[in-house]
Amino acid sequence: MEHDGHRKRIRERFAKDRFESFHPHEMLELLLTYALPRRDTNPIAHRLLDRFGSLHAVLEADIHELTEVDGIGENAATLIAMMVPLARHYEKSKWTEKRVLTNFQEVGKLCTSLFHGVQNEKFYVLSLNSQLELLGIDLVGEGTPNQVPVFPRTVLDALMRRHATGAVLTHNHPGGSMMPSQQDVDVTSTIASILEPLEIRLYDHVLVSDGQPISLKEKGYILFEDTHFMPMAADRQNRILPLGRKKDPT
C-alpha cells in the first residue's frame, strides 16, 4: 500500500535524526500511525494543528478536546495526551539521580521541567541533604489554574520522610503572572518558620511562570546574609520579607 511505503520512510527519517528535520505536522503524523495503523494520518495531523494552532498546544490539549477533531478517537487522543506528562517524568527521573544543586541556574532548570504543559497550579518540595544532593521531589499540592492549597504539614512530612536537611519550594503560575502573590509569600514564611527549629534550611521558593523560573530569594522575599544561592558555609537563619519591602541594607 502507498501509506505503508510513506510510513516506512518517515520512520526511517526518525531513526536517523530524531525529529530534527521534521515539521510539526510530520511529528504528529508519525505519532498517530501507532494509534491509527490503517488511516492516512497526514490530513488528521493538519486538522489538529489547524484546531489548536501549534504543536505544543496539541500536545497539551485535553483528551476530550482532542476527540472533537475528525479522525481522532479515544486511543489516538490518549496517545497524544501522554507525551508531555511522559516528558515531565523523564526529566524528573534524570534529576533525582543524586544530582548536586549548587546554583540557581540548575535549580531553575529543574523546577521549570516540572511544569511543562501543566494547566493547573502545582506545588512541589525538593529535598536536599547537607551536601546539596537532591534526595527527591514530592508533589505536595495541586489546585486550579489560579490557586493551589498547600498544607505545611504535608511539606514537612515529605522532608522528614527523606531525612532532608534542606529544601527548595516551587510552584507555577499557569496564567503567566511573573510576580509572587501575597499568599505565596505568606506560605513561604509559614513553612520557613516551621522548618527553622527542626534545622531544615529553606534555600529558596521558585515560581515558574511562562517557562521562566523566578527566585523569591533573588527578588528579596527570602533574605539571606549569604551572597551565593546555596552556600556551603555555616548555617544562618532565613528571614522572610513581606511583599513590597526591600532588603535590609545591613
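Among strands (runs of 3 or more DSSP E) entirely within the range 120-197, having at least 3 residues that are of a type in the set (A, V, I, L, M) and either surrounded by fewer than 19 Cβ atoms within 10 Å (Cβ to Cβ) or over 14 Å from the mean Cα position of the chain (by Cα) (or both) singles out 134-142. With respect to the stated conditions, SER181 is touching a Leu at 6+ places or on another chain (Cβ under 9 Å) and of a type in the set (S, T, N, Q). Taking the range 93-119 as the range and being part of a helix (DSSP H, G or I) and among the charged types (D, E, K, R) as the test, the residues that pass are LYS94, GLU106, LYS109. Applying the set (1) open to solvent by 70 Å² or more (accessible area, probe 1.4 Å); (2) in contact (Cβ under 8 Å) with a residue 12 or more places away in the chain; (3) assigned to a helix (DSSP H, G or I) to ARG7 leaves exactly one unmet item: (1). Of the helices (runs of 4 or more DSSP H) lying entirely inside the range 21-84, those containing at least 1 residues that are among the charged types (D, E, K, R), out of contact with any Gly (no Cβ under 8 Å at 6 or more places or on another chain) and surrounded by 13 or more Cβ atoms within 10 Å (Cβ to Cβ) span 24-32, 41-52, 63-67.
To keep it simple, each residue is scored yes or no on (1) acidic (Asp, Glu); (2) more than 21 Å from SER215 (Cα to Cα); (3) touching a residue at least 12 places away in the same chain (Cβ under 8 Å).
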position	(1), (2), (3)
ARG39	no, yes, yes
ALA45	no, yes, yes
VAL58	no, yes, yes
ASP62	yes, yes, yes
ARG99	no, no, yes
GLY108	no, no, yes
LEU128	no, no, yes
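The values are calculated or read from the model by the stated rules, or taken from the named source; none is laboratory data. All values reported here derive from a predicted model rather than from experimental measurement. Counting neighbours? That spans all protein chains shown, and the Cβs are built from the backbone with ideal geometry, glycine included. With ligands, DNA and RNA removed, areas are computed over all heavy atoms of the protein, side chains included. Shrake-Rupley method; radii C 1.70, N 1.55, O 1.52, S 1.80 Å.
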